[in-house]
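Working notes, structure below.
The numbers here are math on the coordinates, done by the rules we state, and not lab data. Note that the structure is a prediction, hence the values are computed from the model and not measured. Methodologically, a virtual Cβ is constructed for each residue, glycine included, from the backbone with ideal geometry; neighbour enumeration extends over all protein chains shown.
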Amino acid sequence: MNSPIRVTVWGENFHENSERDRAGMAERYPEGMHGAIAAGIRELLGDAAEVRTATQDQPEHGLTDEVLHNTDVLTWWGHWTHADVDDAVVDKVHRRVLGGMGLLVLHSAHFSKIFVRLMGTTCSLAWRNSAEPELVWTVSPAHPIARGIPQPIVITEQEMYGEYFDIPAPDELIFISSFAGGEVFRSGCCWRRGKGKIFYFSPGDQEYPVYRQPEIQRVLANAVLWAKPEPVADFVPPQVVSSPAPWLRGGSVARSDVIMERAGS
């Protein structure tokens with residue numbers, strides 16, 4: 001029997017506690033956005049996933065060495081306090097991703113320290129918050145993340161994200177979104193960094209109950225399954241390797257006794 005995927009759902013947890021947003025957040029996400037995301041993954045993956053939450057206001061932002069050591073896939077939602085995330089925690093998450101941990105970067109976390117570092121670009125974009133519909137179109141229907149997803153996903157109210165989105169060309173583009181003003185946006189993108197898989201998914205602003213929408217929950221659950229480490233993952237980032245002297249010299253193969261000697265060493 002396969003071991004469950006160990007998922008840590010990380011949330012900034014700022015809007016849930018800010019004076020301006022507290023009442024609205026309590027109505028939309030009484031258990032917090034991180035709680036809603038975690039609940040959707042638990043419901044859809046069941047025993048196939050072991051889900052915990054962590055928040056920025058906890059010691060080490062909830063991402064201690066022990067937590068990261070026991071995380072196969074990390075989801076990351078942030079918005080207002082990116083700059084307050086400790087660089088030492090970002091370093092640890094970065095190493096873990098390079099070593100094989102999956103990372104799901106959600107909505108405004110496009111400006112998170114970890115995503116900007118992994119992308120190597122500004123990750124800037126166009127935006128407008130007018131409570132307008134978003135249509136999420138699948139452009140790679142055979143991809144595992146798109147499994148069971150309707151065409152399109154209709155989100156009745158959402159913040160607009162538009163191009164130009166300053167990211168490296170995705171290894172795989174799964175979704176694009178369209179908005180009332182005619183804007184389009186690469187809203188579901190995949191990359192590999194080191195041994196780890198990264199999925200960016202844009203729907204999910206704090207002012208709208210998007211993470212309660214079944215289709216959005218299904219995308220995130222599918223993404224967890226896709227991003228999980230390979231069975232042989234050792235969570236060690238790729239290293240510089242000093243190679244031995246070549247066996248081929250001057251166009252001829254080195255003597256078999258030398259080869260055996262090196263193999264034995």
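Details
- Asp47, sole failed condition from (1) outside any helix (DSSP H, G or I); (2) touching a residue at least 40 places away in the same chain (Cβ under 8 Å); (3) over 17 Å from the mean Cα position of the chain (by Cα); (4) surrounded by fewer than 20 Cβ atoms within 10 Å (Cβ to Cβ): (1)
- The number of residues in segment 122-158 being more than 15 Å from Gln213 (Cα to Cα) and either buried (at least 17 other Cβ atoms within 10 Å of the Cβ) or small (Gly, Ala, Ser) (or both) comes to 12.
- Selection of segment 159-183 for residues being of a type in the set (A, V, I, L, M) and either closer than 25 Å to Arg212 by Cβ or in contact (Cβ under 8 Å) with a residue 40 or more places away in the chain (or both) yields Met160, Ile167, Ile174, Ile176, Ala180.
- Selection of segment 184-198 for residues being over 16 Å from Ala109 (Cβ atoms) and without any contact (Cβ under 8 Å) to a residue 40 or more places away in the chain yields Val184, Arg192.
- Some residue of segment 14-30 being closer than 24 Å to Arg95 by Cα and surrounded by 15 or more Cβ atoms within 10 Å (Cβ to Cβ): no
- Residue pairs whose Cβ atoms lie under 6 Å apart, separated by 6 or more positions or on different chains, with the first residue in segment 115-130 and under 24 Å from Gly181 (Cβ atoms) and the second in a helix (DSSP H, G or I) and not aromatic (Phe, Trp, Tyr), are Cys123/His110; Cys123/Val116.
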